[in-house]
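*Asks:* The structure that follows is given in the form of structure tokens.
The values are calculated or read from the model by the stated rules, or taken from the named source; none is laboratory data. None of the values given here were measured: they were computed from a predicted structure. Reconstructed Cβ throughout: ideal geometry from the backbone, glycine too, with neighbour counts over all protein chains shown.
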Amino acid sequence: MNDILVLNGEIQFSNGDFKISDSGNQEIDHILQANKGVFKQSPLVGVGMTQFLNGNTSRNEIKKAIDIGLQFDGFTIEEITFDNGIIDVIATK
């Protein structure tokens, strides 16, 4: 899926116009960061990853939250991995 690219909160431009490219990873990133209710047209979409920081939440509980949060937006989760504090999500829509 193509959309306007945003990098570190900044809209990207190319040749004086919005930069358009594949936005699948960008969409997943936004959903992981957003809390439920942020997207008014889809209030169940969102994971709110900041709520898991410095908490006692297990990896399985985090995986379940990611899986559910992304499924509400039509993603199918292929793999979720944890490596040195980095969560890698592979999903398709």
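*Asks:* Mind telling me which of the residues 90, 62, 77, 68 ends up being of a type in the set (A, V, I, L, M, F, W, C), under 29 Å from residue 2 (Cα atoms), more than 11 Å from the chain's Cα centre (by Cα) and part of a strand (DSSP E or B)? Write out each step before concluding.
*Replies:* Details: 90 fails: more than 11 Å from the chain's Cα centre (by Cα); 62 fails: part of a strand (DSSP E or B); 68 fails: part of a strand (DSSP E or B).
None of the other options fit; the residue is 77.
*Asks:* Output the number of residues of the range 1-39 satisfying the condition of being over 19 Å from residue 80 (Cα atoms) and touching a residue at least 60 places away in the same chain (Cβ under 8 Å).
*Replies:* 1
*Asks:* Same structure again: For the range 1-37, what are the residues that are in contact with an Asp or Glu (Cβ under 8 Å, 6 or more places away or on another chain) and in a helix (DSSP H, G or I)?
*Replies:* 26, 27, 31
*Asks:* Being of a type in the set (S, T, N, Q) and exposed (fewer than 10 other Cβ atoms within 10 Å of the Cβ) is the filter here, so list the residues in the range 8-38 that pass it. Don't jump to the end; show me each part of the working.
*Replies:* The initial filter retains those residues of the range 8-38 that are of a type in the set (S, T, N, Q), namely 8, 12, 14-15, 21, 23, 25-26, 33, 35.
Once the filter is applied, which keeps residues that are of a type in the set (S, T, N, Q) and exposed (fewer than 10 other Cβ atoms within 10 Å of the Cβ), the range 8-38 yields 8, 15.
*Asks:* Check off (1) among the aliphatic types (A, V, I, L, M); (2) modelled with pLDDT of 90 or more; (3) surrounded by 15 or more Cβ atoms within 10 Å (Cβ to Cβ) for residue 5 and give me the number that stays unchecked.
*Replies:* Checking residue 5 against (1) among the aliphatic types (A, V, I, L, M); (2) modelled with pLDDT of 90 or more; (3) surrounded by 15 or more Cβ atoms within 10 Å (Cβ to Cβ), the one that fails is (2).
*Asks:* On to the next question. So residue 56 passes all but one of these: (1) closer than 17 Å to residue 33 by Cα; (2) loosely packed, with under 15 Cβ neighbours inside 10 Å. Which condition number does it fail?
*Replies:* Evaluating residue 56 over (1) closer than 17 Å to residue 33 by Cα; (2) loosely packed, with under 15 Cβ neighbours inside 10 Å leaves (1) as the failure.
*Asks:* Looking at the range 1-50 only, could you name the residues that are within 23 Å of residue 90 (Cβ to Cβ) and among the hydroxyl-bearing types (Ser, Thr, Tyr)?
*Replies:* 21, 23, 42, 50
*Asks:* I'm trying to understand the selection: among the residues of the range 39-49, which are surrounded by fewer than 16 Cβ atoms within 10 Å (Cβ to Cβ) and more than 14 Å from residue 75 (Cβ to Cβ)?
*Replies:* Applying the first criterion (surrounded by fewer than 16 Cβ atoms within 10 Å (Cβ to Cβ)) to the range 39-49 yields 40-44.
Matches in the range 39-49: 40, 41, 43.
*Asks:* Which pairs turn up if I take residues in the range 40-55 that are part of a helix (DSSP H, G or I) and look for partners that are among the β-branched types (Val, Ile, Thr) with beta carbon separation below 9 Å, at least 6 apart in sequence or on another chain?
*Replies:* 49/62; 49/66; 49/87; 51/57; 52/62
*Asks:* Applying the selection to the range 59-93, what residues are at positive phi and touching a residue at least 12 places away in the same chain (Cβ under 8 Å)? Steps first, answer last, please.
*Replies:* Kept after step one, since they are at positive phi, are these residues of the range 59-93: 74, 84-85.
Within the range 59-93, 74 is the sole residue that qualifies.
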